[in-house]
Amino acid sequence: MRKTVAAMVALLAFGSLTAPAIGGSTTVGFGGDSCSQWTQNHSKGGDKVAAVVEAAWVDGFVSGLNLGLKVDILRGADGDGLIAWTNSYCATHPLSRLADAGTQLAHELLLRASQ
């Protein structure tokens with residue numbers, strides 16, 4: 001019960017970080033890149049160095065958000081799964097920023113962890 005309450009409190013607090021709320025937020029590094037750039041870099045023939053750095057940025061972004069939560073949203077997750085989720089998100093949201101994708105990924109992980 002205590003975990004459920006903590007997860008719900010985190011969900012309410014984290015809900016303010018969904019994509020519409022972060023539209024004006026500042027990010028550094030690859031977080032400001034568009035999802036179309038992610039998709040291009042992660043496609044066959046894309047820039048593999050940039051793809052690795054972008055994937056590391058997403059891993060670090062979600063890990064950093066995880067540190068501030070009372071529930072471990074990354075339990076059971078792996079890098080390949082995070083990349084696959086980001087590939088899917090960016091394919092359907094090419095105009096979004098990578099930071100938006102990371103925030104939505106973390107929100108999805110939080111929902112999963114609170115179940």
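Each value in this text was obtained by applying a stated rule to the coordinates, not by laboratory testing. Since we're looking at a predicted model, the values are computed, not measured. Backbone-built Cβ (ideal geometry, glycine too); neighbour counts: all protein chains shown.
Key figures for this structure:
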item: Gain upon complete extension [Thr92, Asp72; 0.36 nm per residue less C-alpha separation]; result: 4.5 nm
item: Spacing of the two label points (7 Å from each Cα toward its C-beta) at Asp80 and Ser36, in nm; result: 3.1 nm
item: Sorted peptide list for 35-43, 70-78, criterion being average Cβ within 10 angstrom, highest first; result: 35-43, 70-78
item: Where labels lie 7 Å past Cα in the beta-carbon direction, separation of Ala50 and Arg112 in nm; result: 2.7 nm
